[in-house]
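For reference, the structure discussed in these notes is given below.
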Amino acid sequence: MPTLQKEDIPNRFKQCGMEMIHSQTTVKNPIPQKHMYLPKETEIKPLERTKIVKSQGYIALCEPTEYPSEHKGSIYITRTYQLKENPEAKDAPEKRATVNRENLDLLNSTTLTVSDLKRSTTILNLIRYKLLDEEILRKLEMGLTTIDKVQEFIAPYVSKPTAIAGVYVESSRKKASFQEAVEKGFLAKTYALEFLETQAATGSLTDLTTGQFYSVDEALERGIIEEALKVKLIEAEKAFTGFVHAGKRLAVFQAMEEMILERRIGKKILEVQIATGGVINPEAGVRMPPSVAIDHGFLNKETFQVLYDPVRNPRGFHYPDTGQKAYYSEILKGSLYDIDGGVLLLPLGDRHLTHSSPTSSHRVSVVSSSSGIEMSAYEAFKKKYINKHTYLFLSQQESEWQEMSVDVANKGVRHFICDVKNARNLCLESALSQRFLEASELERYGDGLLSINEMADIIFSRMVVVEDVNSPIAGLWDLTQKKRLSVLQGFQQGFIDRTTALRLLEAQACTGGICDPFSGEKLTVKDALTRGLLNDKFAHPLQQYEQAFNGIIHPKTAKPLSIPQAIQENLLPKDIGTCCLEFQLLTGGLIHPDTHDRVPLDEVLQRGLVDKATALAIKDKGSHFKSLSCPKTKRRITFKEALDRCTYDCHTGLRLLEATKAQGFGSLSTIHHGMWKSKQ
């Protein structure tokens, strides 16, 4: 494979469909990533004298893998057709099997049985609903594609749903069914019913020990559910099996239109079905993405657009630990994957395993309920506990990566991948230069052989981030949304008042530059303004603080002066100079304007670099002015107290201050730093 040189990166990104512009980023025609689950095994049964051939399925774009814990959730598709004998195949088993027209016709009419869902469909149904392109079958006939590739396209529409199957008790590291959780007092009965109805509506009432799906009647026979729930679950199950009306089986939206299903209930079910794999077509036995469902009358645009409108479709589920209302898709993002049963579990407890944190690059996404092992999705994938399809599903619940490019002053165009959910940026040029990413891996990504999530995890797995003990407060950590905020965003979104925001930015400007909490960079005021980390109203008063860091230039000697020297020469106002001294000394020491080396407070006192009264006042915590409002408690605190309350961000090594939103501060408009937001 050819080596991708650093200077070739812009060309590589152009090949990926990215347009690079100044001060803004537009992503055009992003690379289609094929994250599809292929069945573990396909059995080809003989018509006459042909022999049984078993070909191992494998994950798209990945080497063949075997995951013993995954086989229970596989989809087995049995096809009957005749293989032509190919002499070359004996010596070259990797060559494609040839399928003639007769065999193709047989394949078109073959029934696909999905054992987990207890439903079946046909190839013709998939073509009819435009879930499978006839062109693929034409290629199969000509030997230009393989049976596995056909399965690759089919899998998303006939695979098992991703509904939550039970709970994971964090204290004991054990799983329990919803019924057991109620009996043991872990879960309210009303909440358990919500999740059981969801399973019934998606055809996935699950036996936790095996991961197998059952109908309501079968689940009742096996003791998975209790008799008292039968009537309600049978009614919910109609969303999967179909609402019988006028001799037809109607899907959820069709039942809503015929007014045999209340619209409020129907919208709740549709939100669940889409979140767990797609709108269910009960007659064809397939799941359809919203766009296909709309085309074929199983949904309309208006209903789809209001599914996440809290007024027209209120949240219908609850977080068990807080009782807070949520959409099912929101709860699903906080679920855990149990490798022992191949199911998703809802974590219960005070450890908050699935919560994002500034101190950890990944949250816990995968558990083993038999051994108590807990790990991230990427760890589980590398250790082969889960396959690539499951890894990508879990990774996409945690992060949403996008490609972006930025024209950086004096550095040219730089390329980033940005996590919109957690507000993290990774510079690909930096990753290459520091060997966190290999050129061959970037090339594989450009060729569509490596997903953007996997590339990000590769970089994270190799990064070594050191805590910057001299860091000012670089930004905020939104405790509700679990994401990073710049100081400007914190003000604009109502987390801090203007005075607090200005003090934090002043501290950044005079100690090394305006901090970008998303990438860890420290920028000049001008560059920070361009990047959207500042606005004009904040940028202007910060210029003197920036000069204090670089050194105040003496008008006669043209030499840079330190802060104490500039104050003495009346070249820096005393109030600004005193603030700069406090910020510098509290974050590691007085900064030399030429070398930017730090002189600790004790040494400053010994050398008499600052007058004794000022130095002692800075050293005495009791004399500090409470100039900030705590973003979390909203109480007045000193800059030193704010520093002590910070945590170091494992992504950048910089300090972040926890924050919660309060009404009455700033303009409450939700914005993103303009340079880093891709156009929708």
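The values are calculated or read from the model by the stated rules, or taken from the named source; none is laboratory data. Just so we're clear, the structure is a prediction, and the values are computed from it rather than from any experiment. Quick reminder, even Gly has a Cβ in these numbers, built from the backbone with ideal geometry, and neighbours come from all protein chains shown. Calculation scope for accessible area: heavy atoms of the full protein, side chains included, ligands and nucleic acids excluded. Shrake-Rupley method; radii C 1.70, N 1.55, O 1.52, S 1.80 Å.
Taking into account only those residues within segment 274-288 that are assigned to a loop (DSSP other than H, G, I, E, B) and modelled with pLDDT under 90, which is surrounded by the most Cβ atoms within 10 Å (Cβ to Cβ)?
The first filter runs over segment 274-288 and keeps only residues assigned to a loop (DSSP other than H, G, I, E, B), leaving 276-278, 282-285.
Now drop any that are not modelled with pLDDT under 90, which leaves 277, 283-285.
Values: GLY277: 20, GLU283: 13, ALA284: 24, GLY285: 22.
Residue satisfying both the conditions and the ranking: ALA284.
Identify, please: which residue in segment 215-231 is open to solvent by 30 Å² or more (accessible area, probe 1.4 Å) and closer than 24 Å to ASN281 by Cβ and is, among those, nearest to the chain's Cα centre (by Cα)?
Looking at the filtered set, the residue picked out is SER215.
To keep it simple, each residue is scored yes or no on (1) at pLDDT 95 or above; (2) outside any loop (DSSP other than H, G, I, E, B); (3) not basic (Lys, Arg).
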site: SER430; (1), (2), (3): no, yes, yes
site: GLU454; (1), (2), (3): yes, yes, yes
site: VAL465; (1), (2), (3): no, no, yes
site: GLY490; (1), (2), (3): yes, yes, yes
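What residue, among those in segment 540-560 that are among the hydrophobic types (A, V, I, L, M, F, W, C) and either without any contact (Cβ under 8 Å) to a residue 12 or more places away in the chain or in a loop (DSSP other than H, G, I, E, B) (or both), is least open to solvent (accessible area, probe 1.4 Å)?
Within segment 540-560, the match that is least open to solvent (accessible area, probe 1.4 Å) is ALA558.
Say whether the condition of being in contact with a Ser or Thr (Cβ under 7 Å, 6 or more places away or on another chain) and assigned to a strand (DSSP E or B) is met by at least one residue in segment 317-337.
yes
Can you confirm whether ALA409 is modelled with pLDDT of 95 or more and of a type in the set (Gly, Ala, Ser)?
So ALA409 fails the test.
Name, by its number, the condition in (1) in contact with a helix residue (DSSP H, G or I) (Cβ under 9 Å, 6 or more places away or on another chain); (2) buried (at least 20 other Cβ atoms within 10 Å of the Cβ) that does not hold for GLY323.
(2)
Among the numbered criteria (1) under 18 Å from SER405 (Cα atoms); (2) of a type in the set (D, E, K, R); (3) surrounded by fewer than 15 Cβ atoms within 10 Å (Cβ to Cβ), which one does ARG462 miss?
(1) is the only condition that ARG462 fails.
Looking at segment 246-260 only, could you name the residues that are open to solvent by less than 70 Å² (accessible area, probe 1.4 Å) and either touching a residue at least 60 places away in the same chain (Cβ under 8 Å) or part of a strand (DSSP E or B) (or both)? Before the answer, list the steps.
Within segment 246-260, the first condition is being open to solvent by less than 70 Å² (accessible area, probe 1.4 Å), and the residues that meet it are 250-256.
The one that is open to solvent by less than 70 Å² (accessible area, probe 1.4 Å) and either touching a residue at least 60 places away in the same chain (Cβ under 8 Å) or part of a strand (DSSP E or B) (or both): LEU250.
Of LEU299, LEU307, which residue is crowded, with 20+ Cβ neighbours inside 10 Å and either among the aliphatic types (A, V, I, L, M) or in a loop (DSSP other than H, G, I, E, B) (or both)? Steps first, answer last, please.
Values: LEU307 fails: crowded, with 20+ Cβ neighbours inside 10 Å.
The conditions single out LEU299.
When you scan segment 377-392, how many residues do you find that are under 19 Å from SER357 (Cβ atoms), within 16 Å of the chain's Cα centre (by Cα) and open to solvent by less than 10 Å² (accessible area, probe 1.4 Å)?
Filtering segment 377-392 down to residues under 19 Å from SER357 (Cβ atoms) leaves 377-380.
From what's left, within 16 Å of the chain's Cα centre (by Cα): 377-379.
Narrowing the set further to residues that are open to solvent by less than 10 Å² (accessible area, probe 1.4 Å) leaves 377.
Total satisfying the criteria: 1.
Within segment 571-614, can you find the residues that are without any contact (Cβ under 8 Å) to a residue 24 or more places away in the chain and of a type in the set (A, V, I, L, M, F, W, C)?
Hits for segment 571-614 are LEU571, VAL599, LEU601, VAL604, LEU605, ALA613.
Yes or no, residue by residue, for (1) polar (S, T, N, Q); (2) farther than 30 Å from GLY185 by Cβ; (3) in contact (Cβ under 8 Å) with a residue 12 or more places away in the chain:
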{"residue": "GLU283", "(1), (2), (3)": "no, yes, yes"}
{"residue": "GLU302", "(1), (2), (3)": "no, yes, no"}
{"residue": "ARG315", "(1), (2), (3)": "no, no, yes"}
{"residue": "ASP321", "(1), (2), (3)": "no, no, yes"}
{"residue": "TYR327", "(1), (2), (3)": "no, no, yes"}
{"residue": "LEU332", "(1), (2), (3)": "no, no, yes"}
{"residue": "PRO358", "(1), (2), (3)": "no, yes, yes"}
{"residue": "SER370", "(1), (2), (3)": "yes, no, yes"}
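Would you please name the residue that is nearest to GLU454 (Cα to Cα), looking only at residues in segment 393-441 that are open to solvent by less than 40 Å² (accessible area, probe 1.4 Å) and among the small types (Gly, Ala, Ser)?
SER395
Results for (1) small (Gly, Ala, Ser); (2) open to solvent by 60 Å² or more (accessible area, probe 1.4 Å), shown as yes or no for each residue.
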| site | (1), (2) |
| --- | --- |
| PRO573 | no, no |
| GLY577 | yes, no |
| LEU586 | no, no |
| GLY589 | yes, no |
| HIS592 | no, yes |
| THR595 | no, yes |
| GLN606 | no, yes |
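Quick one: which helices (runs of 4 or more DSSP H) sit completely within segment 147-223 and have at least 3 residues that are of a type outside the set (Gly, Ala, Ser) and modelled with pLDDT of 90 or more? Walk me through it before giving the result.
On the way: elements: 147-158, 178-183, 189-201, 216-221.
The qualifying helices (runs of 4 or more DSSP H) are 178-183, 189-201, 216-221.
Exactly one of these conditions fails for LEU504: (1) among the aliphatic types (A, V, I, L, M); (2) buried (at least 19 other Cβ atoms within 10 Å of the Cβ); (3) closer than 17 Å to TYR648 by Cβ; (4) within 28 Å of the chain's Cα centre (by Cα). Give me its number.
(4)
Looking at ARG484, ARG498, which is the one that is touching a strand residue (DSSP E or B) at 6+ places or on another chain (Cβ under 7 Å), farther than 30 Å from HIS592 by Cβ and touching a residue at least 40 places away in the same chain (Cβ under 8 Å)? Reasoning before the result, please.
On the way: ARG498 fails: touching a strand residue (DSSP E or B) at 6+ places or on another chain (Cβ under 7 Å).
Within the list ARG484, ARG498, the selection yields ARG484.
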